[in-house]
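Written out below as structure tokens is the structure these notes cover.
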Amino acid sequence: MTMTDELTAQVCVVGGGPAGLTLAVELAKRSVSVVVLEQSGHFDRSFRGESVSPDSVWLLDRLGILGRLDGAYQQMHRMEIVDSGSTVLRADFTRFPYPHPYPVEMPQPALLSALADLGEESPEHFTLVRRATATGLVREGDGPVTGVRARTPDGEITVRAALTVAADGRFSKVREMSGLPYTKIPLERDVVWLKLPFPEQWDDRTYRIRIHGDQHGLFIPTHPDSVRVGFNIPKGGLKDLRAKGLPALYERLDRLAPELSDAVRSEIRGWSDTSMLDIFTTLVPRWSCPGLILTGDAAHTLTPILGQGVNHAIIDAVTLAPLVQRAFEAGGTPSQLARAGEEFQRARETSVSKSRGLQLRQERLFALHGAGGAFRRTLYRVVDRSQSLKQRVLAGAYFQLQKPGPHVAVRQQRPPSRV
């Protein structure tokens, strides 16, 4: 490309993550031309949403993505919560009466590569531009957004489009440039992530949550043979933790998962072996303005609890694509595209709010200690005694789309490395 490059499409999607690429593939499939601008030159993303909820697994199967992944993912069959050394809640997903009852751990590079490959099978409608950083929105005065300017290694390009979709994540630059108001609500914790070899004494089909007082950790089997560990620290507390040195990190893991004590000392030799996630949620009253629609984390940032970021990104995409298609079939005028944006928000807002509420309740429960910790343990045990109550609690996060029915065998699933 040269400094004078200009591309034209019906839709420009900024961001080649799960939201942006799923939307682009769905639009291309509907003969809507789309250009995707992706800031990175590759899909190698560490500690990015790898947990895919059952509804999104069901959608990915319907979209033909699972069969393209050559088994590069792992079904999770169980969840357990251990609080103060006692198991207080177990969920067995094999007992949930849905076609795809299992959450899946799926490395994001594999998912994004499969989506990009599927899109590139429709070259007349799908264009992916890598290493392209959005620098400005194209608009005349107070008129609608009519495209995006982006910086690439070969110079600036302009994408002219009747509709621009911001799918550029929780720190969305396009949302900032649009002027759409939003409120960022920081929560009381951040999360330190690290990855370790999978311990031999654990089975690799179980999500583990360990709680000790007001400290908690998430232990997530990660394809093919690792465990992803996330533990809470106070908001802005990384500096204090680092000042105490790596022994403070080791001791935190010793309390939560002594099975990992040797591994954390041998594998984590510096803070560069960890990653910190700033935990916040974002409320955006309006997800669109003339010529522009926000989607995924750009429209509704969620927390890591129950892996809802990727879930809602994929559901957003399959909801928005047919609305945009119909708007273009009706003429693609600014008012028709604006109605598509409004209808999209109406269709998705309740579901997002339900997941946000569930996450915030869990955040508050995790933070309890002392007498509050005793209440939390009692509450989890009450839920544990009732299969119907477990299903009702998890349905808000995992089963908003699927109807009860027989389980569907997941194709091309590699056999587990351990039982």
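The values are calculated or read from the model by the stated rules, or taken from the named source; none is laboratory data. Note that the structure is a prediction, hence the values are computed from the model and not measured. Methodologically, a virtual Cβ is constructed for each residue, glycine included, from the backbone with ideal geometry; neighbour enumeration extends over all protein chains shown. Please note that ligands, DNA and RNA were not included when accessible areas were found on the heavy atoms of the full protein model with its side chains. Shrake-Rupley method; radii C 1.70, N 1.55, O 1.52, S 1.80 Å.
A few comments on the model shown:
- Rounded D (µm²/s) - the range 1-107, Kirkwood Rh over Cα pairs, Stokes-Einstein at 10 °C, 1.306 mPa s: 94
- Gyration tensor analysis over the Cα atoms of the range 279-419 returns equivalent ellipsoid semi-axes of 35, 22, 13 Å (largest first, whole Å).
- Cross-link pairs beyond the 28 Å C-alpha cut-off, checked among LYS235/LYS354; LYS195/LYS235; LYS184/LYS403; LYS173/LYS390; LYS235/LYS403: LYS184/LYS403; LYS173/LYS390; LYS235/LYS403
- ARG381 - accessible surface, heavy atoms, 1.4 Å probe, Å² rounded to 10: 90
- Accessible surface for GLU176 stands near 100 Å², nearest 10, in the context of the full protein assembly shown (1.4 Å probe).
- Note on exposure: THR282, THR8 ranked by accessible area (1.4 Å probe, complete protein assembly) read THR8, THR282, with the most exposed listed first.
- 5 angstrom amide H check on PHE126, placed H, neighbours 5+ away: VAL34
- Integer Hz, Karplus 6.51/-1.76/1.60 couplings in order for the range 271-280, x for Gly and Pro: 5, 5, 7, 10, 9, 10, 10, 6, 9, 7
- Backbone amide hydrogens, once placed in the peptide plane, bring THR8 within less than 5 Å of ARG160, excluding anything fewer than 5 places away on its chain.
- Peptides 53-65, 90-102 ranked from most to least packed, by the mean per-residue count of other Cβ atoms within 10 Å: 53-65, 90-102.
- Mean residue ellipticity, 222 nm, helices only, the chain: the sum of -39500 (n - 2.57) across DSSP H runs of n ≥ 4, divided by residue count and rounded to 500, is -11000 deg cm²/dmol.
- All-pairs alpha carbon distance profile, the range 246-356, 5 Å steps from 0, percent: 2, 10, 17, 14, 11, 9, 8, 8, 6, 6, 4, 3, 1
- Viscosity 0.890 mPa s, temperature 25 °C, Stokes-Einstein D of the range 83-157 from Kirkwood C-alpha radius, µm²/s: 138
- Other residues with beta-carbon under 14 Å from the beta-carbon of LEU218 carry, at +1 per Lys or Arg and -1 per Asp or Glu, a net charge of 0.
- With the simple spin-label model, which puts each label point 7 Å out from Cα in the Cβ direction, the GLU121 to THR133 separation comes to 3.5 nm.
- Sequence of SER275, SER355, SER335 from largest to smallest accessible area, 1.4 Å probe: SER335, SER275, SER355
- Once backbone amide H atoms are built at 1.01 Å from N, ARG189 has LYS235 as its partners under 5 Å, excluding neighbours fewer than 5 places away on the same chain.
- Expressed as a whole percent, the proportion of Cα-Cα pairs in the range 153-276 lying more than 25 Å apart is 42%.
- Converting phi to 3J(HN,Hα) with the Karplus coefficients 6.51, -1.76 and 1.60 and the offset θ = phi - 60°, the range 151-167 yields 9, 10, x, 9, x, 7, 10, 10, 10, 8, 8, 5, 9, 10, 10, 8, 10 Hz in sequence order, with x at every glycine or proline.
- Rg/Rh (Cα only; Kirkwood hydrodynamic radius) as it applies to the range 269-309: 1.18
- Over the Cα atoms of the chain, the radius of gyration divided by the Kirkwood radius equals 0.98; this is the Rg/Rh ratio.
- Per-residue SASA remark: ARG130, around 90 Å² accessible (1.4 Å probe; ligands, DNA and RNA not included).
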